[in-house]
Amino acid sequence: LTYMVYRQFGIELPRDAADQATAGTPVDRRDLRPGDLVFFAFGGPIDHVGIYAGNGMMIDSPQTGGAIEAVPMWGTPLATNYAGAARYL
């Protein structure tokens, strides 16, 4: 999802979430802005990425070919797997 969305706006990202996490400018959780990429690690290295939408929400595609949805980032099981954020804009 993130690779394709950013590509539509002329921004080339690395293909994998772990590579996207290290290529962008790191962002502290309290400084997140809409459009920042947010990363998650489910029991290992970073393996999932979403787009921060603001107000504690992110745009997520939980599985290849699945529905794209807006989901809360904090106060959910997802939050316990938060691994950082990066800015490309």
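The values are calculated or read from the model by the stated rules, or taken from the named source; none is laboratory data. Just so it is clear, the structure is predicted and the values come from calculations on it, not from any experiment. When we count neighbours, we look across all protein chains shown, and the Cβ atoms used for this are built from the backbone with ideal geometry, even at glycine.
Condition first: under 17 Å from Leu1 (Cα atoms), touching a strand residue (DSSP E or B) at 6+ places or on another chain (Cβ under 8 Å) and at pLDDT below 95. Can you find one or more residues in segment 33-48 that meet it?
Among the residues of segment 33-48, at least one is under 17 Å from Leu1 (Cα atoms), touching a strand residue (DSSP E or B) at 6+ places or on another chain (Cβ under 8 Å) and at pLDDT below 95, which makes the answer yes.
Within the set of pairs 6+ apart or on separate chains, which have a first residue in segment 30-58 that is without any contact (Cβ under 8 Å) to a residue 12 or more places away in the chain, a second that is buried (at least 17 other Cβ atoms within 10 Å of the Cβ), and C-beta atoms under 9 Å apart?
Filtered contacts from segment 30-58: Asp31/Ala85.
Whether any residue in segment 58-70 is within 14 Å of Leu89 (Cα to Cα) and modelled with pLDDT of 95 or more is what I want to check.
No, every residue in segment 58-70 fails to be within 14 Å of Leu89 (Cα to Cα) and modelled with pLDDT of 95 or more.
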